[in-house]
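**Q** Okay, handing you the structure first.
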Amino acid sequence: MLILFLILIVLALVILIANIAIVPQAYSYVVERLGVYYTTWEAGFHFKTPFVTRIAKKVSLKEQVVDFKPQPVITRDNVTMQIDTVVFFQITDPKLFTYGVERPLSAIENLSATTLRNIIGDMELDHTINTKITAILDEATDKWGIKVNRVEVKNIIPPAEIQDAMEKQMKAERQRRESILRAEGEKKSAILVAEGEKESRRRARAAHPRGRR
């Protein structure tokens, strides 16, 4: 009986310890009871009822950064470009984040791609992307418990033929600047030579003055 009693005590201690939860700073735990949302635990010490409640999701409240793969978009002048974006977001409602949408990061990526296509479809190639995409994503992700702080365009990759034209233009510009610098250098060199010859003649005259009448 004593051995059985000790076993029961040890088992109770194991169950007690296993159901203690300490939520770290900047985290929230979404808790379910009997498969249904029960509460959200903030940072601190918590205890869950054994066999009844469970931690459904551990959610970080820190600002997060996700770098999506380049998205193909078509501008108003029918130029297809690859837009590489970085999204900075923060989870504001752990419950909505857990139950609002399946695979939230994938949803943000798809929403970002769709928004980019819609915005850039009204732009010319030489236009820049403004904060409009941030405002649209932030409003659309509210129902998922996510706040989009900002969207940065990391890279814009134009088509190969446009890249070739841009490289040729840049090469021609470099050659033009080199020609200007070379011409300016030759001009300065000629001026220095002329000034040197003038100074030499002056010194020669000073060294051999003509006799006075």
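The values are calculated or read from the model by the stated rules, or taken from the named source; none is laboratory data. All figures in this text were calculated on a predicted structure; none of them were measured in a lab. We place every Cβ from the backbone using ideal geometry, glycine too, and count neighbours over all the protein chains shown. Side chains are part of the model used for accessible areas, which takes the heavy atoms of the whole protein and leaves out ligands, DNA and RNA. Shrake-Rupley method; radii C 1.70, N 1.55, O 1.52, S 1.80 Å.
**Q** So which strands (runs of 3 or more DSSP E) are wholly in region 1-75 and hold at least 1 residues that are of a type in the set (G, A, S)?
**A** Once the strands (runs of 3 or more DSSP E) in region 1-75 are filtered for at least 1 residues that are of a type in the set (G, A, S), what remains is 20-23, 27-33, 44-47, 53-60.
**Q** Out of all the residues in region 61-73, is one or more in contact with an Asp or Glu (Cβ under 8 Å, 6 or more places away or on another chain), closer than 17 Å to F97 by Cα and of a type in the set (A, V, I, L, M, F, W, C)?
**A** yes
**Q** Something else: Here is a list of conditions, (1) on the phi < 0 side of the Ramachandran plot; (2) over 18 Å from the mean Cα position of the chain (by Cα); (3) modelled with pLDDT of 80 or more; (4) open to solvent by less than 100 Å² (accessible area, probe 1.4 Å), and G145 meets all of them except one; can you say which number that is?
**A** Here G145 clears every test but (1).
**Q** May I pose another question? When you go through I119, I133, I108, I162 one by one, which is the residue that is at pLDDT below 75, assigned to a helix (DSSP H, G or I) and surrounded by 13 or more Cβ atoms within 10 Å (Cβ to Cβ)?
**A** Result: I162 is the single residue among I119, I133, I108, I162 that is at pLDDT below 75, assigned to a helix (DSSP H, G or I) and surrounded by 13 or more Cβ atoms within 10 Å (Cβ to Cβ).
**Q** Could you tell me whether any residue of region 39-59 is open to solvent by 50 Å² or more (accessible area, probe 1.4 Å), among the polar types (S, T, N, Q), out of contact with any helix residue (DSSP H, G or I) (no Cβ under 9 Å at 6 or more places or on another chain) and at pLDDT 90 or above?
**A** Checked region 39-59: no residue is open to solvent by 50 Å² or more (accessible area, probe 1.4 Å), among the polar types (S, T, N, Q), out of contact with any helix residue (DSSP H, G or I) (no Cβ under 9 Å at 6 or more places or on another chain) and at pLDDT 90 or above.
**Q** Could you check how many residues of region 165-190 are open to solvent by 80 Å² or more (accessible area, probe 1.4 Å) and modelled with pLDDT of 75 or more?
**A** Of the residues in that region, 11 qualify.
**Q** From the residues in region 62-105 that are of a type in the set (S, T, Y) and open to solvent by 30 Å² or more (accessible area, probe 1.4 Å), which one is nearest to L137 (Cα to Cα)?
**A** Ranking the candidates gives T92 first.
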